[in-house]
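Have a look at the structure below, then the notes.
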Amino acid sequence: MSKVALVTGGTRGIGAAICVALNAAGYKVAANYAGNEEKAQAFGEVTGIPVFKWDVSSYQACADGVGQVENEIGPVEVLVNNAGITRDAMFHKMTPEQWNEVISTNLSGLFNMTHRVWSGMRDRNFGRIINISSINGQKGQMGQVNYSAAKAGDLGFTKALAQEGAAKNITVNAICPGYIATEMVKAVPENVLKERILPQIPVGRLGEPEEIARCVVFLASTDAGFITGSTLTANGGQYYAG
């Protein structure tokens with residue numbers, strides 16, 4: 001019987017590629033989204049992957065949303081915490097709202113989602129939690145103190161929870177993408193991309209969303225059962241966190 005995989009932020013960019021790859025690998029996939037109703041519905045129609053709308057920054061919304069997924073599709077055995085937002089500003093100009101919005105979605109969202117599926121995974125003696133962090137959670141980034149702090153927190157969450165899940169055959173791992181060719185990155189002015197971003201990447205190109213998706217498919221598989229508490233960097237050699 002196919003395992004159920006739930007991907008937050010799953011209808012665009014890296015999340016969409018993850019959903020498509022997991023679906024192709026034989027999982028029953030549910031894609032969560034919070035905004036852009038038109039693109040989410042279009043994604044569902046094109047892929048046949050059911051989409052579910054809720055805000056991961058709300059604990060109750062996550063409880064209700066996961067409940068709906070499990071009622072309609074089945075118990076969640078693979079959770080990919082991919083949803084994330086940016087509210088960039090230099091720290092001296094950053095508002096409490098910009099800080100709290102990013103922390104609530106990018107860090108507290110992991111708690112809200114994972115807490116809801118954790119007991120079921122423990123009862124079934126199997127689970128895969130995969131957290132999409134960022135290169136900027138490893139090295140930091142000027143103008144992204146809120147984002148970098150949240151993504152670094154995702155890594156601490158991963159390492160600690162992995163120790164709690166190990167005895168129950170639940171693995172918890174993180175992936176830190178570098179610059180990936182999503183709509184957001186492609187919107188960067190071409191001269192900035194060529195002169196400031198690509199020279200930092202030894203392989204000389206942006207990553208593709210599908211390359212991150214293949215990392216997720218591996219970590220979700222039974223082949224990755226001995227890997228937990230790990231951080232997989234996928235950044236073209238831009239940064240090594242040793």
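Here's the yes/no breakdown for (1) in contact with a Lys or Arg (Cβ under 6 Å, 6 or more places away or on another chain); (2) not β-branched (V, I, T):
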| residue | (1), (2) |
| --- | --- |
| R122 | yes, yes |
| G127 | no, yes |
| I130 | no, no |
| I135 | no, no |
| M142 | no, yes |
| G153 | no, yes |
| F157 | no, yes |
| N173 | no, yes |
Q.
Which pairs turn up if I take residues in region 121-146 that are closer than 21 Å to F218 by Cβ and without any contact (Cβ under 8 Å) to a residue 40 or more places away in the chain and look for partners that are in a helix (DSSP H, G or I) and among the small types (G, A, S) with beta carbon separation below 7 Å, at least 6 apart in sequence or on another chain?
A. G137/S148; G137/A152
Q | Residue ID - farthest from G15 (Cα to Cα), chosen from residues in region 200-222 that are in contact with a helix residue (DSSP H, G or I) (Cβ under 6 Å, 6 or more places away or on another chain) and touching a residue at least 60 places away in the same chain (Cβ under 8 Å) | A | V217
Q: Pick out the one residue from V66, V56, V80, V76 that is touching a residue at least 60 places away in the same chain (Cβ under 8 Å), touching a Cys at 6+ places or on another chain (Cβ under 9 Å), within 28 Å of R122 (Cβ to Cβ) and of a type in the set (A, V, I, L, M, F, W, C).
A: V80
Q: Collect the residues in region 134-160 that are closer than 18 Å to Y239 by Cα and of a type in the set (K, R), keeping them in residue-number order.
A: K139, K151
Q) Which condition does K151 not pass, out of (1) surrounded by 12 or more Cβ atoms within 10 Å (Cβ to Cβ); (2) farther than 21 Å from L107 by Cα, if it passes all the others? A) (2)
Q: Would you point out which residue out of G236, G225 is crowded, with 20+ Cβ neighbours inside 10 Å, more than 15 Å from the chain's Cα centre (by Cα), free of Cβ contacts under 8 Å to residues at least 60 places away in the same chain and more than 26 Å from M90 (Cα to Cα)?
A: G236
Q.
When you scan region 168-176, do you find a residue that is modelled with pLDDT of 95 or more and in a helix (DSSP H, G or I), even just one?
A. yes
Q. If you go through region 179-196 one residue at a time, do you hit one that is within 15 Å of the chain's Cα centre (by Cα) and of a type outside the set (S, T, Y)?
A. yes
Q. What's the number of the condition I197 fails, among (1) modelled with pLDDT of 95 or more; (2) in contact with a helix residue (DSSP H, G or I) (Cβ under 9 Å, 6 or more places away or on another chain)?
A. (1)
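The values are calculated or read from the model by the stated rules, or taken from the named source; none is laboratory data. Quick caveat, the model's predicted, so the values are computed rather than measured. For neighbour counting, all protein chains shown are included, and Cβ atoms are generated from backbone atoms with ideal geometry for every residue, glycine included.
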